[in-house]
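Written out below as C-alpha cells is the structure these notes cover.
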Number of protein chains: 2
Amino acid sequence: MVSLFLDVLAGKKARSPAPIWMMRQAGRYLPEYREVRAKAGSFLGLCGNPELAAEVTLQPIRRFDFDAAIIFSDILTVVMALGHPVTFVEGPKLAPLEPVSEAVAVLERDPVRWRTVLAPAYDALALARSGLAQDKALIGFAGAPWTLATYMAGGGNDEQKAARLWAYRDPDSFDALIALLVDCVSQHLIGQFEAGAQAVQIFDSWAGGLPPVLFDRYVVKPTAAIVEKVRAAVPEAPIIGFPRGSSLEGLLEYAEATGVSGLSVDPAIDLGLLAATDGPVLQGNLDPLALIAGGAALRDGVEAILKATRHVPFIFNLGHGILPTTPIDHVDELVKLVRGPR
Amino acid sequence: MVSLFLDVLAGKKARSPAPIWMMRQAGRYLPEYREVRAKAGSFLGLCGNPELAAEVTLQPIRRFDFDAAIIFSDILTVVMALGHPVTFVEGPKLAPLEPVSEAVAVLERDPVRWRTVLAPAYDALALARSGLAQDKALIGFAGAPWTLATYMAGGGNDEQKAARLWAYRDPDSFDALIALLVDCVSQHLIGQFEAGAQAVQIFDSWAGGLPPVLFDRYVVKPTAAIVEKVRAAVPEAPIIGFPRGSSLEGLLEYAEATGVSGLSVDPAIDLGLLAATDGPVLQGNLDPLALIAGGAALRDGVEAILKATRHVPFIFNLGHGILPTTPIDHVDELVKLVRGPR
C-alpha cells in the first residue's frame, strides 16, 4: 500500500507526521465548494450529481494536500433510498414515522428506488478515485442505525427524545427498524467499497448521552453486525467507527465488540487515556472551535494531541465536522503544525 | 436531623428506601402548577412572586410526599441580577455579551438591583420552609459559572459554541467573567442557606462535551472555589454538584477536586461503576424518557438503579429534569417502586 492513511489505519505503526484529513472537509468554509454548491442549486442536488460531488470531494485535497478524500454525500441518502421523505431546510427535516407499529413495513425496500437514490454516490466514488493521486486514500461513509433512527423517529431538536421514547415504549418495532437499517447500511458500505472506497467511516453522531443499556443495544450491537456483514463481502475492510459523545468506557466497549479498525474520537475524550489502552487505531480529536479561534488555542490543541498519540498509530482529524466559519488560513496552519516543515 | 434526605446526603449510610425528589418537580406536568403559572402571567412573574413560588415549591410534596422540596426559581436570576437582559420565549433568550473585551465591566454589580432581583427567591425559601413538614428537606440551587456563561456568550442553539470560542480566543476576559460568576453564585447560594435552604444543588447543565482542559478550567475549578466560599460562610454546607454530560473520569475528578457532598448523575453514566468508587453520595439517574414511557422501561430502569446503589448512600432522582409530558400516574408508580409497600 502506498497510502499513509491506509497504512496507519491498518495499524502498521506509529507514523510521523500523522496522516491528516477532516470531517466535512468538502464544505462551506471553502469558496470553491460554495461555487459548485451554487451551481448544483441545492444540497441534495449536489449529492445527486456524481460529477459535481466528485469535484467537491477532490477540492480539499488540491488545496491542503490532505491524505484522504471523503466522498461528498449525506448519511440520510440511505433513508431516502428507503422511501422516507427528507427535505433540507437549514439541516434535514424528516416526517416522523407514524404509527410506530407500521413504521418498518412502510420502509420496505424498493430495489429500483434504492439503486436510483444511491447510485450517484457510487458514481462519484469512481470519478473521485480516478481523479486522486495513488497515495491519497478515498473514504466512503454511512450513518449508523441509531443515528438514522433518531432522524426517522421525529425531526427537530427533540429527535433523540422521540427515538429513545420509541425504544422504551415499543422495543420490538424499534428493534425491527434497527435491524432493517443494519442491513441497509451494510449494503451501502459494501456498495461504496465496490465503487472505489478504500475505507469507510460509520457516523453515529447521536450516540452521546444514551443510558448504557441503550448504548449497548442500539449503538454497539448494530455496529458489530454491520462490521461483520461488510467484512463478509469485503474481507479485512478498513472501517472507522465514530460513536460521537460516547464515554471512554463506551468507546472501549464499542471498539472491542465491533472490531472496527479505527476509532474516531470527539473533543471531550482524553486521547492519552485511550492511547494507553490496547484498542484500535485512533483518529481525532481537535475541537473545531479551536481551529476557528486559531493562535495559541490551535497550537496548544495540536501539540497536546500529537504528544498524547506519539507512540500509537494515529490519524489526525477534528473531533467533529469542520464549521462553515473556519478561516482557511487556520487550516493551512494546522496542516503545517501536524506535518512540520517539509 | 430528622430528614431522610439530609441524613443520606451527609453520607450517614445506605438507606432503604432511598429518599426521592425530582429535578424540575415543580413544573408543567402538574395541573396545579399550570394553574398557578397562569395566575402569575409569566414564568419570570412566577419566579418573582414569593407566595406563588413557595406554593408551587410545595405542590409536588403534597402530591407525591417527596423527601425534599427544591425552591422554584431559575438559574438565570443571577444573570438578571447582574443587569444582563434576559427574556423567556419558549426558553430563555439573552443578548450576547459584546464586545467581549468590555463584557465583564458591563456586568459590574449594582447592589440594589442584585437584592431586588434575588430577594423573591429568599422570601420564597422562607415561606416554603414554614410550609414544609420537619422531615422534608428544602433545597436551594444556582447555575454554575460555565453554564451561565454559555447563556451569556450568545443565545440560541449555538450558545455553547460561542462560549467555547470566547474561551479559546480571549481566555483572559473569559476568566474574568467566570471569576465574577464564581463570586455571584457563591453569594446567591449563601443567601439561600440564610433564607432557609438546607442543601443546595449547583447545575452545570452544559458541562458535557467539553475538552478535558476546558472542563478542568471552567467546570471543576470554579465549582471548587464556590464550594470553598460557601462553606466559609456556612460550615459543612451540604452541596450537590450536577455537571451534566460529564464522563465518569470527569465526575471523579470533579468530586475529588470540589469536595461536593453529593453528585447528581445523568442517565448516560453507569451508576454501578461510580458506586464502586470511594466518592461522594450519589443522586440520580433515571432517564426522564423512561418515566414518560412507563411500564417495563420504568420498572427495569428503577430496579437497575436500586441494585447498583444498594450498598452506598443514595438519593433517588431523575438523570435530568422531569418533562412536561410526563404522566402523573407514572410518577406515583415510581414513588411506589422506590419505596416499596408502606
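The values are calculated or read from the model by the stated rules, or taken from the named source; none is laboratory data. The structure displayed is predicted, hence computed values, not measured ones. Every residue, glycine among them, receives a Cβ derived from its backbone with ideal geometry; neighbour counts consider all protein chains shown.
What residue, of A:Ala10, A:Ala14, A:Ala18, is out of contact with any helix residue (DSSP H, G or I) (no Cβ under 9 Å at 6 or more places or on another chain) and over 26 Å from A:Val86 (Cα atoms)? Among A:Ala10, A:Ala14, A:Ala18, only A:Ala10 is out of contact with any helix residue (DSSP H, G or I) (no Cβ under 9 Å at 6 or more places or on another chain) and over 26 Å from A:Val86 (Cα atoms).
Being in a helix (DSSP H, G or I), of a type in the set (D, E, K, R), closer than 25 Å to B:Gly321 by Cα and in contact (Cβ under 8 Å) with a residue 24 or more places away in the chain holds for only one residue in B:Arg113, B:Arg129, and it is B:Arg129. Collect the residues in segment B:36-60 that are touching a strand residue (DSSP E or B) at 6+ places or on another chain (Cβ under 8 Å) and among the small types (Gly, Ala, Ser), keeping them in residue-number order. Correct list: B:Ser42 only. Condition check for B:Thr116 on (1) in contact with a Leu (Cβ under 7 Å, 6 or more places away or on another chain); (2) more than 14 Å from chain A (Cβ to nearest Cβ): one failure, at (1).
In summary, A:Trp146 fulfils each of the numbered conditions (1) out of contact with any helix residue (DSSP H, G or I) (no Cβ under 9 Å at 6 or more places or on another chain); (2) modelled with pLDDT of 90 or more with the single exception of condition (1). Of all residue pairs spaced 6 or more apart or on separate chains, those with beta-carbon atoms under 7 Å, a first member in segment A:180-196 that is free of Cβ contacts under 8 Å to residues at least 60 places away in the same chain and of a type in the set (Gly, Ala, Ser) and a second member that is buried (at least 20 other Cβ atoms within 10 Å of the Cβ) and in a helix (DSSP H, G or I) are A:Ser186/A:Ile226; A:Ser186/A:Val230. Take A:Val200 and tell me if it is more than 19 Å from A:Ala81 (Cβ to Cβ), of a type in the set (Val, Ile, Thr) and in contact with a strand residue (DSSP E or B) (Cβ under 6 Å, 6 or more places away or on another chain). No, not satisfied. Is there a residue in segment A:185-208 that is over 16 Å from the mean Cα position of the chain (by Cα) and either within 14 Å of another protein chain (Cβ to nearest Cβ) or surrounded by 24 or more Cβ atoms within 10 Å (Cβ to Cβ) (or both)? Within segment A:185-208, not a single residue is over 16 Å from the mean Cα position of the chain (by Cα) and either within 14 Å of another protein chain (Cβ to nearest Cβ) or surrounded by 24 or more Cβ atoms within 10 Å (Cβ to Cβ) (or both).
Looking at this structure, is A:Ala38 part of a helix (DSSP H, G or I), farther than 26 Å from A:Asp266 by Cα and in contact (Cβ under 8 Å) with a residue 24 or more places away in the chain?
So A:Ala38 does not fit the description; no.
Checked against (1) surrounded by fewer than 23 Cβ atoms within 10 Å (Cβ to Cβ); (2) within 21 Å of A:Ile61 (Cα to Cα), A:Ser264 meets all criteria but (1). Right, B:Leu177: crowded, with 21+ Cβ neighbours inside 10 Å and either modelled with pLDDT of 95 or more or touching a Leu at 6+ places or on another chain (Cβ under 6 Å) (or both) or not? So B:Leu177 fails the test. Just one of the numbered conditions (1) in a loop (DSSP other than H, G, I, E, B); (2) within 14 Å of chain B (Cβ to nearest Cβ) is not true of A:Leu214: (1). Within segment A:23-35, residues that are among the small types (Gly, Ala, Ser) reach partners that are in a helix (DSSP H, G or I) with beta carbons closer than 7 Å, at six or more positions or on different chains, in the pairs A:Ala26/A:Tyr33; A:Ala26/A:Val56; A:Ala26/A:Thr57; A:Ala26/A:Gln59; A:Ala26/A:Pro60; A:Gly27/A:Tyr33. Within segment A:208-221, does at least one residue satisfy the condition of being under 24 Å from A:Gln25 (Cβ atoms) and modelled with pLDDT under 95? Within segment A:208-221 (the criterion being under 24 Å from A:Gln25 (Cβ atoms) and modelled with pLDDT under 95), the answer is yes, since at least one residue qualifies. Of all the residues in segment B:45-77, those that are part of a helix (DSSP H, G or I) and within 19 Å of B:Ala126 (Cα to Cα) number 17.
Residue pairs whose Cβ atoms lie under 7 Å apart, separated by 6 or more positions or on different chains, with the first residue in segment A:306-318 and more than 12 Å from A:Ala14 (Cβ to Cβ) and the second crowded, with 23+ Cβ neighbours inside 10 Å and among the polar types (S, T, N, Q), are A:Asn317/A:Ser264; A:Asn317/A:Gln283. When B:Thr277, B:Thr325 are checked against the criterion of being surrounded by fewer than 18 Cβ atoms within 10 Å (Cβ to Cβ), under 20 Å from B:Gln25 (Cα atoms) and among the hydroxyl-bearing types (Ser, Thr, Tyr), B:Thr325 stands alone in meeting it.
In the condition set (1) under 20 Å from the mean Cα position of the chain (by Cα); (2) within 16 Å of A:Asp204 (Cα to Cα); (3) not hydroxyl-bearing (Ser, Thr, Tyr), A:Ala124 is compliant with all but (2).
Candidates are the residues of segment B:78-94 that are of a type in the set (Gly, Ala, Ser) and not in a helix (DSSP H, G or I); the one that is surrounded by the fewest Cβ atoms within 10 Å (Cβ to Cβ) is B:Gly91.
Hydrophobic (A, V, I, L, M, F, W, C), away from chain A (no Cβ under 14 Å) and in contact (Cβ under 8 Å) with a residue 40 or more places away in the chain: is that true of B:Ala225 in this structure? Spell out the reasoning first.
Numbers: hydrophobic (A, V, I, L, M, F, W, C): yes; away from chain A (no Cβ under 14 Å): yes; in contact (Cβ under 8 Å) with a residue 40 or more places away in the chain: yes.
So B:Ala225 passes the test.
The test for being away from chain B (no Cβ under 14 Å), of a type in the set (A, V, I, L, M) and touching a residue at least 12 places away in the same chain (Cβ under 8 Å) does not hold for A:Ala167.
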